[in-house]
1. Given the conditions (1) surrounded by fewer than 18 Cβ atoms within 10 Å (Cβ to Cβ); (2) farther than 19 Å from Ser195 by Cα, report the number of the one that Val133 does not fulfil.
2. Restricting attention to the range 50-69, which residues are closer than 21 Å to Ala2 by Cα and not in a helix (DSSP H, G or I)?
3. Please work out which one of (1) of a type in the set (A, V, I, L, M, F, W, C); (2) modelled with pLDDT of 90 or more; (3) surrounded by fewer than 17 Cβ atoms within 10 Å (Cβ to Cβ) is the condition Cys44 fails and give its number.
4. Specify which of the listed residues (Val222, Val133, Val150) is of a type in the set (A, V, I, L, M), touching a residue at least 60 places away in the same chain (Cβ under 8 Å) and not in a strand (DSSP E or B).
5. Do you know which residues across the range 159-183 are more than 18 Å from Ile38 (Cα to Cα) and either in contact with a Lys or Arg (Cβ under 8 Å, 6 or more places away or on another chain) or outside any loop (DSSP other than H, G, I, E, B) (or both)?
6. Which count do you get for residues in the range 80-95 that are aliphatic (A, V, I, L, M) and either closer than 18 Å to Gly144 by Cβ or in a helix (DSSP H, G or I) (or both)?
7. For the range 24-49, what are the residues that are assigned to a helix (DSSP H, G or I) and over 13 Å from Tyr13 (Cα atoms)?
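The values are calculated or read from the model by the stated rules, or taken from the named source; none is laboratory data. Please read all numbers here as calculations on a predicted model, not as lab measurements. Cβ placement follows ideal geometry from the backbone for every residue including glycine, while neighbour counts extend to all protein chains displayed.
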Amino acid sequence: MAMLDLLNVNAGYAENGKLEEKLHDITLSIGNKNVVGITGPSGCGKSTLIKTILLQTAVVSGSIEYNGNEINAGSMSGYRKDIVYVPQNSLDSLDFLWTVGDQVKKVMRQHGLSYDSGEIKNAAEFVGLDLSVMKRRSFEISYGTRHKVVLLMALAVAPHSRLIIMDEPTTSQDPVSSLNLLKTVRKMASSGNISFLIAASNPDPVFFVSDRVYVMYGGWIVEDGRPEELIRSARHPYTEDLIRFRPGYSSRSVSPESMYTDANLSGCPFYIYCRRKTAGCDASIPYRSDDGHGYRCLRPGGLNVAENR
Ligand code: SF4
C-alpha cells in the first residue's frame with residue numbers, strides 16, 4: 001500500500017465563483033521511503049499539484065488517499081502535520097544576521113513549539129549536519145550546509161513528518177551544492193521513515209534522485225516510470241524531447257517551442273508541437289500502462305535515447 005495516492009484527481013482554483021481547472025486526471029503514488037519526482041515545463045501544473053497535495057486547491061473529482069484512507073474533514077489536520085513543504089528559494093528565508101541555532105528556535109516558537117535539544121540533535125544527525133553549525137551565521141556556511149539547515153528547520157517544526165515536498169530545490173544552485181543536497185535526500189529516504197516529492201523544471205536533478213518520475217505537460221501527467229526506463233525508452237514525444245534536450249545526448253534538433261505548454265486544447269495538450277500526431281489526438285487521450293510504465297499518447301515511441309547519445 002502506498003503512503004499517498006492521488007486517484008484521477010481534477011483540481012483547480014475557484015475565483016469569483018468560477019472554477020478554473022488546472023489539473024486533469026492526475027494519478028500519482030508515493031510509497032514509504034520513496035523519492036518521487038515531477039518534472040515538466042514552467043506552467044505544466046507542478047506547483048498546482050503540490051498545492052493539491054497540501055489541500056490548497058479545489059478538488060473537482062477524484063480522491064486523495066493517505067495510508068489507504070480518503071482524506072476527510074476528520075483526518076485533515078493529522079495529514080497536514082505529516083507533510084513538510086520546502087518552497088522554492090527557501091534559502092532566502094535564512095536571516096544572515098542570526099545564528100543557525102537562533103533561527104531554528106525562532107521558527108519553532110512561531111509554530112508554538114518549544115526547543116528540545118535532544119530532538120534537534122537527532123534531526124541534525126538525520127540531515128547530516130554537524131551541530132557546531134548552530135553557533136554560526138548563515139553567511140559563514142556553504143550553500144550545501146544551508147540546504148541542510150533548511151531541512152533541519154523543516155523537521156524541527158514537523159518532527160514526525162512522513163513526507164517532505166521540495167519545490168525547485170536546486171534552482172540557482174551550483175552543481176556541487178545541488179549534488180550534495182540530492183545525496184542528502186537519498187540518504188534520508190533510505191535511512192529514515194520519510195519520503196520525498198521533488199518538483200523541478202530541470203529534469204536532471206529529478207531523474208538523478210527519484211525512484212519514480214512523473215512527466216507533466218499542460219496540467220496532465222503524460223508519462224511516468226522509473227527514471228532509467230524513461231531514459232532508455234521514453235514513450236511520449238515530450239519526454240523524448242526532454243531527454244534529448246539534455247547536454248550530452250543527441251544533437252538532433254528539438255523545437256524550443258515544445259518546451260512551452262498550451263492548455264487550450266480539448267485533446268492532447270502536446271498536439272500542436274507533436275511530430276507524430278494522428279487522427280484522434282485532438283480528442284481525449286486515455287492513460288495506459290505497460291509493466292508499470294505509464295503514458296498518455298496514441299502513438300507511443302520506444303526511443304532508445306541512450307543509443308543516440
Ligand atoms: S497523443 Fe498524439 S499528439 Fe499527443 S503526444 Fe501522442 S501522438 Fe502526439
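1. (1)
2. Residues satisfying the conditions are Leu54, Leu55, Val59, Ser61, Gly62, Ser63, Ile64, Glu65, Tyr66, Asn67, Gly68, Asn69.
3. (3) is the only condition that Cys44 fails.
4. None of the other options fit; the residue is Val150.
5. Of everything in the range 159-183, those that are more than 18 Å from Ile38 (Cα to Cα) and either in contact with a Lys or Arg (Cβ under 8 Å, 6 or more places away or on another chain) or outside any loop (DSSP other than H, G, I, E, B) (or both) turn out to be His160, Ser161, Pro175, Val176, Ser177, Asn180.
6. The total comes to 3.
7. Lys46
To keep it simple, each residue is scored yes or no on (1) of a type outside the set (A, V, I, L, M); (2) buried (at least 16 other Cβ atoms within 10 Å of the Cβ).
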residue	(1), (2)
Val84	no, yes
Lys106	yes, no
Leu113	no, no
Gly118	yes, no
